Amino acid sequence: MSKTHRVQNVTRGIRLKLNQAERAVEACAAEWVEYGVSIRDVTLAEAIELRNSQAATRERMAKAELPGLKYDPPKGGAESLRQEWWLAMRADVFVERASRCSLKLSAAI
């Protein structure tokens, strides 16, 4: 069946391309009466019910539901910045101590 095939919307009495009808069904705005032939608009309550069932089938499992999975999130901007500052401070202390030791050694010679 070609994508330019026309589909009847029985609620509004208009004709849509098959691709448009498929998108409307995917968006939970319409429902197939007969696939490839006709669709009908769904009510608000039906749309909510369709969306909830669609979301339930597409949602991923929560981390707590996956057995044996340990998730270590990547370091965020603030945490990595703190770590960089700490390393820079430690490097500064190292250089300071090394220069003191070299001054003591040069004074002893």
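The values are calculated or read from the model by the stated rules, or taken from the named source; none is laboratory data. Just so it is clear, the model here is predicted, and its values are computed rather than measured. Don't worry about glycine lacking a Cβ; one is built from the backbone with ideal geometry, like all the others, and counts go over all protein chains shown.
The residues in segment 62-87 that are surrounded by 10 or more Cβ atoms within 10 Å (Cβ to Cβ) and modelled with pLDDT under 65 can be counted, and the count is 1.
Considered as a group, the residues in segment 32-43 that are in contact with a helix residue (DSSP H, G or I) (Cβ under 9 Å, 6 or more places away or on another chain) and among the aliphatic types (A, V, I, L, M) include one that is surrounded by the most Cβ atoms within 10 Å (Cβ to Cβ), and that residue is I39. Of everything in segment 1-31, what is assigned to a loop (DSSP other than H, G, I, E, B) and loosely packed, with under 12 Cβ neighbours inside 10 Å? Give them in sequence order. Answer for segment 1-31, where residues must be assigned to a loop (DSSP other than H, G, I, E, B) and loosely packed, with under 12 Cβ neighbours inside 10 Å: M1, S2, K3, T4, G13.
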